[in-house]
Amino acid sequence: MKLSVLYFARLRDAIGRPAEQVDVPADVTTVAELRAWLVRRGSPWSSALAPAAPIRAAVDQVMARDATRLHDGAEVAFFPPVTGG
Amino acid sequence: MAVRVQREDFDVGAELAALQRDDPRVGAIASFVGLARDCNDGRQVLELTLEHYPGMTERALEDIVAQARARWDILEALIVHRVGTIAPTERIVLVAVTSAHRQHAFDACRFLIDYLKTDAPFWKKERSPEGSHWVEARASDEQARAAWQPPEPRR
């Protein structure tokens, strides 16, 4: 499954890029599984997306949960808790 | 109903007049203006840089406005949020709501800014004399949002 993964704010700084295209194996079907898969790639994802890090996610530009399911071609964004206003 | 994300400053008086549009049903306009302070968490702030998630930001703001519309008798609502570089004393955000009566306008306006604070994908970076750093989210913002749950029954 091909996904477009975006990073914002502190997370983009930590990972060193704003976006990347990934092709994940069939057992990666949810936001939490994608995050774990990225972490397994090692640095810088392993520290930036570490389980303890407070991170939010969106799928196709809508706030998502760990269990939100992914689909081929989805736009998945990871970012820190928001601080606008 | 309108949401805008822009680099430029906005004119509060002109925005409120445009929102009213000489609509004789409007009995109240409530507005909130968020400003950049020169101090945060004990640190001097020289400048803010606001980043957002283009596309999602507009969708998130429109969703927040739709939620407010479902809960209160709103005639019009406006959210203008700036991005880019902002200096202390400058405006960051405008939330404005028109209604027949003040209570709906006040409540909806406060709801919109409380939800914007936790649900709209904006991030602030502060530049201080010691360097630049990303602003941490505040637990009090989550609490302010949670205080609106569950939805009040419509009167």
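Bear in mind that the values in this text are calculations on the coordinates, not laboratory data. Everything quoted here is computed from the prediction, not taken from an experiment. Every residue, glycine among them, receives a Cβ derived from its backbone with ideal geometry; neighbour counts consider all protein chains shown.
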Measuring from a point 7 Å past the Cα of A:Asp72 along Cα-to-C-beta, which residues in the stretch A:23-56 have an amide N at less than 15 Å?
-> A:23-29
Checking rank on B:73-83, A:2-12, with mean other Cβ inside 10 Å and highest first, the result is B:73-83, A:2-12
Which whole-number percentage describes the relative contact order of chain B, with Cα contacts under 8 Å and a sequence gap of 6 or more?
-> 32
Using label points projected 7 Å from each Cα along Cα→Cβ, tell me how many nm separate B:Ala147 and B:Arg7, to one decimal.
-> 3.7
Trypsin sites (Lys or Arg not before Pro) in the stretch A:29-85 lying in a DSSP loop, each with at most 15 other Cβ atoms within 10 Å of its Cβ, come to A:Arg41, A:Arg65
Considering only B:Val135, B:Leu75, A:Ala52, whose Cα is most displaced toward the positive end of the charge dipole of the protein assembly as shown, charges sitting on Cβ of Lys, Arg (+1) and Asp, Glu (-1)?
-> A:Ala52
Could you let me know the centre-to-centre spacing of the stretch B:76-108 and the stretch B:111-155, using Cα atoms, in angstrom?
-> 14
Over the Cα atoms of the protein assembly as shown the radius of gyration and the largest Cα-Cα distance (Dmax), both in Å, equal 19.4, 62
Principal axis box of chain A, alpha-carbon based, largest edge first, Å | 36, 28, 21
Once the principal axes of the Cα atoms of chain B are found, what is the range along each, listed largest first in whole angstroms?
-> 51, 34, 29
So what's the back-of-envelope 222 nm ellipticity for chain B, counting only DSSP H runs of four-plus at -39500 (n - 2.57) apiece and dividing by all residues, rounded to 500?
-> -10500 deg cm²/dmol
Cα-based Rg and Dmax for the stretch B:77-155, in Å, come out at 15.4, 52
